[in-house]
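What follows is one structure encoded as structure tokens, with my remarks underneath.
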Amino acid sequence: MKTNNLRQCDIALPHRCMLRCKMCNIWKDGLSFNNSKNLEIEDYERLLEGLREFVDDPFMISFGGGEPLLSRDLLEILRIFSEKGFTTYFPTNAYLLDEAMAIRIAQANVSSIGISLDSIERQIHNLIRGKSDAWQKAMQALQFLQERCPGIDINILTVVMGINIDGILNLTEWVNNHSFIHNIVFQAVQKPFSTNVDDRWYEHAEYADVWPKDIKKTESIIDELIGLRKLHANGFKIGNPVPQLELFKMYFNNPRNFVKPRNCHVGENAIQVDMMGNVVLCSKMEFIGNIKNNCIAEIWHSQKAEEVRSRISTCKDNCHHLVNCFYSGATL
């Protein structure tokens, strides 16, 4: 038995995407897939071997982007990690997920997948995602996954925002009525990725339809989600814990005044590796190493890592990452 708190490794892929989402500007980045500094399969294999030597099971390997399926080697890398016993996951907008891709996903033995779906209404989802066929692609992808990937956990990923708030409950009911879908996971809309806009971004005209205009209605709908989550012993098929949904209400009510009431836990049980191999504990702090130069165990236990963890624990930044991806019950 290994003694280690590390439970997850989040690996960033090149920031490229074919959609034009209202809450994300990654598609404007234009980073090249052919950057000679990007990780190669050999680098991922070295990371795998390093992790296998010092982490306990279950251990999650999560890939993100941009759109992960634009990465040529993604499924081969996922297969390698899966064969070594890691739990593997990636989110996708599903635009490239046709039947052939679903077969490849099954062959890679991926543990779980997240499909972005912001509304059961075609027009709303397409408006949010910036493509006229985004909804159709997502629906077709769900069918292909159901038919070709019987062992995979399929999750719906939904961003709660002004444009789709009226349809959130209908979408939740739709998910609950489809047995092949594992659950729906909500995120509260945040400052769009890859922008330099200030912290009052939600007051800018550009994002007028992204931030909810009627906060009381938004809180009421989230209260209904909380009621559904509590409805059954195992919860209505909502992946978010009740305290996180309560936190959403606090956040939407006054995003500027939200502060974490306890010390930040980021860096205690997860590690992030970017597309060039740089390792971070918190995306707002400096690199603690690079997997091309040192093994992941050395980086995790390094003096630099301890220094950064110490600063994280006393950080006073009003960080909204703790509302969504890095939520922990410790934030309430």
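The values are calculated or read from the model by the stated rules, or taken from the named source; none is laboratory data. Remember, it's a predicted structure, so these values are computed and weren't measured experimentally. No Cβ is skipped: glycine too gets one built from the backbone with ideal geometry, and neighbour counts run over all protein chains shown. In case anyone asks, the SASA skips ligands and DNA or RNA and just uses the protein heavy atoms, side chains included. Shrake-Rupley method; radii C 1.70, N 1.55, O 1.52, S 1.80 Å.
Give the stretch 281-316 a look and list any residue that's under 21 Å from GLU42 (Cα atoms), in contact (Cβ under 8 Å) with a residue 24 or more places away in the chain and not in a helix (DSSP H, G or I), or say none.
ILE291, LYS292, CYS295
Just a yes or no: is a residue in the stretch 188-199 within 18 Å of CYS319 (Cα to Cα), open to solvent by less than 30 Å² (accessible area, probe 1.4 Å) and without any contact (Cβ under 8 Å) to a residue 12 or more places away in the chain?
yes
Please determine whether any residue of the stretch 161-171 is more than 26 Å from ALA108 (Cβ to Cβ), acidic (Asp, Glu) and in a loop (DSSP other than H, G, I, E, B).
Checked against the condition, which is being more than 26 Å from ALA108 (Cβ to Cβ), acidic (Asp, Glu) and in a loop (DSSP other than H, G, I, E, B), the stretch 161-171 yields no hits at all.
For the stretch 74-99, what are the residues that are of a type in the set (Val, Ile, Thr) and open to solvent by less than 10 Å² (accessible area, probe 1.4 Å)?
ILE77, THR88, THR92
Of all the helices (runs of 4 or more DSSP H) wholly in the stretch 38-115, which have at least 2 residues that are among the β-branched types (Val, Ile, Thr)?
Here the list reads 74-83, 99-107.
Residues in the stretch 285-325 that are touching a strand residue (DSSP E or B) at 6+ places or on another chain (Cβ under 9 Å), open to solvent by less than 30 Å² (accessible area, probe 1.4 Å) and within 17 Å of PHE54 (Cβ to Cβ): how many?
The total comes to 8.
Please work out if LEU13 is under 21 Å from the mean Cα position of the chain (by Cα), within 17 Å of SER194 (Cβ to Cβ), surrounded by 20 or more Cβ atoms within 10 Å (Cβ to Cβ) and modelled with pLDDT under 95.
Spelling it out, LEU13 is indeed under 21 Å from the mean Cα position of the chain (by Cα), within 17 Å of SER194 (Cβ to Cβ), surrounded by 20 or more Cβ atoms within 10 Å (Cβ to Cβ) and modelled with pLDDT under 95.
List every residue pair whose Cβ atoms sit under 6 Å apart, with the two residues 6 or more apart in sequence or on different chains, where the first one lies in the stretch 118-139 and is among the acidic types (Asp, Glu) and the second, anywhere, is at pLDDT 95 or above.
Here the result reads ASP118/HIS125; ASP118/ILE128; ASP118/THR158; ASP118/VAL159; ASP118/ASN164; GLU121/GLY167, each pair linking the stretch 118-139 to a residue that is at pLDDT 95 or above.
Of the numbered conditions (1) assigned to a helix (DSSP H, G or I); (2) under 25 Å from THR172 (Cα atoms); (3) at pLDDT below 95, ILE221 satisfies every one except a single condition; which is it?
Only one criterion is unmet by ILE221, namely (3).
Would you mind stating whether PHE59 is of a type in the set (Phe, Trp, Tyr), in contact with a Phe, Trp or Tyr (Cβ under 7 Å, 6 or more places away or on another chain) and open to solvent by less than 10 Å² (accessible area, probe 1.4 Å)?
When the stated conditions are applied, PHE59 passes them.
Quick grid of which residues meet (1) farther than 27 Å from SER111 by Cβ; (2) open to solvent by 70 Å² or more (accessible area, probe 1.4 Å); (3) part of a helix (DSSP H, G or I); (4) without any contact (Cβ under 8 Å) to a residue 40 or more places away in the chain:
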| site | (1), (2), (3), (4) |
| --- | --- |
| ILE154 | no, no, no, no |
| THR158 | no, no, no, no |
| TRP174 | no, no, yes, no |
| PHE186 | no, no, no, no |
| ILE226 | yes, no, yes, yes |
| PHE248 | no, no, yes, no |
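Could you identify the single residue in SER119, SER111 that is of a type in the set (Gly, Ala, Ser) and open to solvent by 10 Å² or more (accessible area, probe 1.4 Å)?
Just a single option satisfies the conditions, and that option is SER111.
Could you grab me the full set of residues in the stretch 33-71 that are modelled with pLDDT under 90 and over 22 Å from the mean Cα position of the chain (by Cα)?
Scanning the stretch 33-71 gives ASN34, ASN35, SER36, LYS37.
Please name all residue pairs, on different chains or six or more residues apart, with Cβ atoms under 6 Å, provided the first residue is in the stretch 10-30 and is among the aromatic types (Phe, Trp, Tyr) and the second residue is modelled with pLDDT of 85 or more.
Listed pairs, sorted by first residue: TRP27/CYS17; TRP27/ARG20.
Name, by its number, the condition in (1) under 24 Å from TRP300 (Cβ atoms); (2) crowded, with 18+ Cβ neighbours inside 10 Å that does not hold for ALA102.
Result: ALA102 fails condition (1) only.
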